[in-house]
Amino acid sequence: MVLCAHTGITEGFPTKAARHLWWCMDGKLGVRVFFVISGFLITSLLLKESEKRGKISLLAFYKRRALRILPVYYFYILAIAVVTMMGFRGIASSTFASALTFTTELWGNWNSVQNWPLSHTWSLSIEEQFYFTWPALLAILGYRFAGKVWIPLLLVLAPTLRFLLWDQPIQHHLFVC
């Protein structure tokens, strides 16, 4: 869904085909679906580990995530840094800092066309923040407490924050609306 939505806005893509893709494929919905599937998968794996071993190994979890994501992610950022140093892009160091620390959706000048090569890292930032916090909550608090307290709290907190931040630009990337 996300790829089709982006294809529809790609320069040179046939406009008639783009209209059909926009009509049937919603990129924002695709990102939401991905987040839900990812959260379900990670939670399922962590709960299976807890049942099998009696606990969740945060170290093992974070090592697996780091080996899966960080090498390719940081290589991409390095490649963009090289292109920037060669003068082809004018990306600010603060933009690189937010991409490197998985805080893209929280700060930085993302409206600039110059920052486009790193602007899409917002979704990975949200995913990595989830990977950092949710497994720790499950491991430290246990899945019963996390399920009884944290899930209902998040179900109330997310729409409340969305309402309070509705006119703020940050709400777009915090809640993928």
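Could you sort the peptides 126-136, 34-44 by per-residue average Cβ neighbour count (10 Å cutoff), highest mean leading?
Packing order, densest peptide first, comes out as 126-136, 34-44.
Ranked by the mean number of other Cβ atoms within 10 Å of their residues, highest first, the peptides 138-144, 98-104 fall in the order 98-104, 138-144.
Across every pair of non-identical alpha carbons in the stretch 44-145, the mean reciprocal distance, once inverted, gives a Kirkwood radius of 15.3 Å.
Count neighbours as other Cβ atoms within 10 Å of each site's Cβ, and list the trypsin sites (Lys or Arg not before Pro) in the stretch 29-120 that are DSSP loop with at most 12 such neighbours.
Taking the stretch 29-120 and a limit of 12 other Cβ atoms within 10 Å, the loop trypsin sites (Lys or Arg not before Pro) found are Lys55.
Values in this text are rule-based calculations from the coordinates and carry no lab data. Because the structure is predicted, anything quoted here is derived from the model rather than measured. Cβ: placed from backbone, ideal geometry, glycine included. Neighbour counts: every protein chain shown.
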